[in-house]
1. Assuming 0.36 nm per residue, please report the length gained on full extension of the stretch A:Asp340 to A:Arg537 beyond their Cα-Cα distance.
2. If you rank A:Trp316, A:Trp538 by fewest surrounding Cβ atoms within 10 Å, what's the result?
3. Taking a label point 7 Å out from Cα toward Cβ, give me the nm distances from B:Val647 to the same spot in the other copies, shortest first, one decimal.
4. Nearest 0.05, what FRET efficiency do B:Ala203 and A:Arg130 give at R0 = 60 Å with Cβ-Cβ as r?
5. Between A:Lys378 and A:Asp491, what FRET efficiency follows from the Cβ-Cβ distance if R0 is 51 Å, with the result rounded to 0.05?
6. How far apart, in nm, are the 7 Å Cα→Cβ label points at A:Lys567 and B:Glu599?
7. Quick one: with label points 7 Å out along Cα→Cβ, list the inter-copy distances for A:Asn574 in nm, shortest first?
8. In the neighborhood of A:Ile586, defined by Cβ-to-Cβ distances under 13 Å, what is the net charge if each Lys or Arg adds +1 and each Asp or Glu adds -1?
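No lab work stands behind these numbers, since they all come straight from the coordinates. Treat the numbers as computed from the prediction; the structure is a model and nothing was measured. Methodologically, a virtual Cβ is constructed for each residue, glycine included, from the backbone with ideal geometry; neighbour enumeration extends over all protein chains shown.
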Number of protein chains: 2
Amino acid sequence: MQERVMDQAAAKPLAGLLESVCVEQGGEVAAQAEEEFRRGIKRLLGFSPAMYTPGTVPSGGCAVFLGTVSRLQKNSDFADLRPDSGKIPGADGFFIKISGKKMVIAGQNEAGALYGVFRFLALMQTGVARDGFELSETPKSPLRMINHWDDISGSIERGYAGRSIFFRDGRIDYEERRIADYARLLASVGINRISINNVNVRAQAKLLITEEYLGDVASLAAIFRRYGIKIFLSINFGAPWSLGKLPTADPLDPAVAAWWKERAALIYKYIPDLAGFLVKADSEGEPGPFQYNRTHSDGANMLAQAVKPHGGEIVWRCFVYNCAQDWRDPSVDRARAAYDHFMPLDGAFDDSVILQIKFGPYDFQVREPLTPLFGALKKTRHVMELQITQEYTGHQIDLCYLPWLWEDIMRFDTAHGPASTITELVGPYKKGSSFIEGFAAVSNVGLDRNWTGHTLAQANLYGYGRMIWDPSLSAEEIAREWSELSFGPGDTARVIAGLQMSSYPAYEKYNAPFGVCFMVTPHLHYGPNIEGYEFSRWGTYHRADNRAIGIDRTPSGTGYTNQYSPKNAEMFANPSTCPENLILFIHRLRYDYIMKNGETLLQNIYDTHFEGCDEAAAMLEKWKSLKNVLEVEIYESVLDRFERQLVNAREWRDQINTYFHRKTGIADKRGRKIYD
Amino acid sequence: MQERVMDQAAAKPLAGLLESVCVEQGGEVAAQAEEEFRRGIKRLLGFSPAMYTPGTVPSGGCAVFLGTVSRLQKNSDFADLRPDSGKIPGADGFFIKISGKKMVIAGQNEAGALYGVFRFLALMQTGVARDGFELSETPKSPLRMINHWDDISGSIERGYAGRSIFFRDGRIDYEERRIADYARLLASVGINRISINNVNVRAQAKLLITEEYLGDVASLAAIFRRYGIKIFLSINFGAPWSLGKLPTADPLDPAVAAWWKERAALIYKYIPDLAGFLVKADSEGEPGPFQYNRTHSDGANMLAQAVKPHGGEIVWRCFVYNCAQDWRDPSVDRARAAYDHFMPLDGAFDDSVILQIKFGPYDFQVREPLTPLFGALKKTRHVMELQITQEYTGHQIDLCYLPWLWEDIMRFDTAHGPASTITELVGPYKKGSSFIEGFAAVSNVGLDRNWTGHTLAQANLYGYGRMIWDPSLSAEEIAREWSELSFGPGDTARVIAGLQMSSYPAYEKYNAPFGVCFMVTPHLHYGPNIEGYEFSRWGTYHRADNRAIGIDRTPSGTGYTNQYSPKNAEMFANPSTCPENLILFIHRLRYDYIMKNGETLLQNIYDTHFEGCDEAAAMLEKWKSLKNVLEVEIYESVLDRFERQLVNAREWRDQINTYFHRKTGIADKRGRKIYD
């Protein structure tokens, strides 16, 4: 954010050491690692270090080694700084060591070296990198992916930070420097995959896989490639007929398979290292194998055959549910859909297919249980999908620090065996295990000058990269890191980290209560509309009446809880052991149900909504305390958002409280104002 | 609709008589009357009559006189057919007489003659015009106006019959023959004014009053002129600054007044008989005099000075209310707005200003009381605004025959004096009286082949013209007329007239109950959304809780009822005398309130909703009985709409019933299915 040269005194211990660097010759990514090191030092310390390739090293030798671990092991100048056998980094990992007058940054591969450079620069800024420092890290997630929902028109579905950085008016149209900066941003937190176009591939976006666009796609891919990032393209499953003019897109039709093979060959001619295709099929109106009475494995495996010869993979979304539901029919439970559709197919997918599963069974709600597929799938590659863009979490108007939620997600124990928390399950796929191979998340970035609309929402993009790199990190550590890197270590960073940490609980309190979900303005998904989805076709109902609220998803209801491991099924099915922040997702409860704090459910609804709004007001006041220490532009733009957030929080508080007061006629026991 | 030549036998009594016609030379409208007579006879009887001008009449004389009353009085050939002194028609009226071998159609003016021709053709078709027939008619409403809400883009705000017939892609772009057909359609029911562009004058539409568009506006005006129809232009009150680049649009600023005078002079150079401007000011975000702390009379009078020298008038809409209301504040009552704003200004408006007042205090709801301004204004010209396009009445998907409602409106007694029903108040303005000078209504017409989307919705356009011509007509008479003219006299017409007559009561039953209004999908305004406006900024709340529903608008509440004459104020304020179809507009009632039929309010809500849906189902079955007697295209397209209407009616029934069942926990006493 703020350009700055570090305090020279603080940097002194390292300054001498950083003046000469031995860099290994390598590919594009290695060259970028070298360049990032040079630029970083220049920006932070004000000088460009001398960079030598092995043959040109001066007689005194270099202070710094930058390269891969395998070269380090052969470089006798740095023999003392080699990692112990237990500290040799794994795939995409790095090793950093500072000892006396020498330092090494060694990647397991070129990307690892790049990540090591970025990490070193961050650690130097925050004063952690000093003599004696040693760090070996390997990302837990092999796949670290960003999804863009950018439309070719330039608008972004669920984008709250301006127009697309990739597209404009039906063309690929971008500022090269901005894309390079974005690639740097992503690589600095370890992202290695990006899909550039919306998963809803409609109208002209279908032509992205034609020669009309592929040249421009290749130019984009070339920018990301330097940063170790491969691109995915979102494709439309119906392309063989909508684009190819075949009579069908049936995945078992040989002509369809041949069409995709030919199409893939063409695409890979332009982008030889394309990561593959991202597919939303049979979902919210998109075409898919169900149209032809085929299974999702039929569809995905056919596509896999097309990209596999080129080293590509298919990422197949599991967001498949009946979106034309009749609210009158309580027998259909949308929450069951992903498990019901995909669990029976475990083992049926090709090894080049990766399922992408939303973290919860609904759709990125403020609070949902974990989708029961996690821990249950044993024979299918899969990643978890998160959402960085704040669709249901405040549109980057309201501050809502998402790593707070993600930490809870990572700590969830699927109870499918020992070491079965999400944190423990993240890792390279092994057949027969339930490893989650990584994460995908919907980007929150657009053309806004500060990237994310709300300046403080940058922490969500940063935090996503950090947390999927190491799911054992806490939201608090990440908030502190981001705040210090953005505002410098000190009181300001502490206040801002505190704001981040208080934001999710506040948002959750003034939102739909206790995991009931979807009391939000239809389509827009900002602000309250308590019955907005109640009679709709989307399958997301709360069925509040004058006595009770919620859907019974226990075995006496829809049976959703039985999709979990026995231990979790039992835990969820019993209201006294079900986590209270999810209790209305799982149970239908009377308003006079007594919660753990001894108050009724209704009183808890009132209390949380008064508190959430008060907390939003407090955040605004806290921000105002920073008026004199922040750049005016940042201060004012965030101030404006906190003010809008408070208006939103008031609407939530008052509409929710009035709604339940009207429903029940029961007053707030503390006598606070509830409108008639 | 269906092109047809009449049964020759049925026409025989008139056929000989119609072969020679004496037509007076006159202006464009007279020429059109002649042409319409010739075309009509040709279409109905298969031949073109011989048409003679007075100097060319053959020795045997003509059988038919077609011209003005003043010429008829001087034409000795038709001396026996002159009207008695009591039957001489007034402004825009006509006299028709058939006697032996002669017939006259004589207008009070050329337009009257044209209306007489159309009426004669209709009466001949329906077998009413025969020997001995005599009819003298004068329209009760001097101003008979249609408002188009057509945007210059070609879309129509609240249009349900395709794109605009006037505009396309930012240009005036029309098929000349279609516009002439439309003018014929309007003139055939007596319309004499039309505004061609949306009252929300935004973006490029502001340029309609510039030379970029005025030539095209003039060409359109020329087509309508032949049919006696003058056009209005909707203008933007802010034009002096948005278009003219003045620093203000303050109506009391001499530069602003001068700008409008100059602009009017330019416009009238292109369209010398322009009727004037239609203005929506200070309404739903449009600019207006309030911005400059001026009154609406200041604004309207200033504009009047600009158009008056050219014979123009200002039609000024009274749809002024606070559209940024806080739902928490029960002290603001939108229903009061028109009266509160305009009653104090009675007498302050220039005599070239005509206020256009929506029939009800809200906005074209299915059932609203009459705006209390009617009968109360004594020193201000005004017209009543109706809506033909089915914004809240079913989008021309659901059949909803509006003259049913309009008949109730016409019969409403303002009780401001003797002869104070709306029917009795309609007539030419006289200072000191409360005469309503006519009507304006929003068109339901677009580019759809059948003009109105739903073929049977044509009856609403037809019925509007007929009912404002003669407010004493019944909805039933009009339904019969339209059905016979459209489908020929007989059983089919009887069935269709019956469908029309049953449609409004059915729609009203399954809609928001008992005048409570606005339980409709926000913005779209089709289908139920019971709390859709409940927490919005639009001021339209029902505040249903677990015991009661409605807003108290009596003196113990917002005092709205006191805006009426003392007799009506008393009648409305007492629930036992308030009409029950409006009772929830005026009163907040408990669900156990006993209505006149001895059932509770709640049970009445359930009953009407079951009934309304059943009636929609019955209409569908009735329509199916016409399968073999109708043209396939008409049958199928209307069938499709009845099927969609039934889906809609079911949604209304089930959502309303479920909503109140959830709110109260009280079951339907007849045990019908209400979903949980």
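1. Values: separation 197, 0.36 × 197 = 70.92 nm, distance 1.93 nm.
Separation in residues times 0.36 nm, less the Cα-Cα distance, equals 69.0 nm.
2. Working: A:Trp316 30, A:Trp538 19.
By the 10 Å Cβ count, ascending, the order reads A:Trp538, A:Trp316.
3. Relative to the other copies, B:Val647 has label-point distances of 3.7 nm.
4. Details: r = 62 Å, r/R0 = 1.03.
Step by step, r from the Cβ atoms, then E = 0.45.
5. 0.55
6. 5.7
7. Inter-copy label distances (nm, one decimal, shortest first): 6.5.
8. On the way: positive: A:Arg336, A:Arg367, A:Arg553, A:Arg588; negative: A:Asp333, A:Glu368, A:Asp552, A:Glu570, A:Glu580.
Result for the neighbourhood of A:Ile586: -1.
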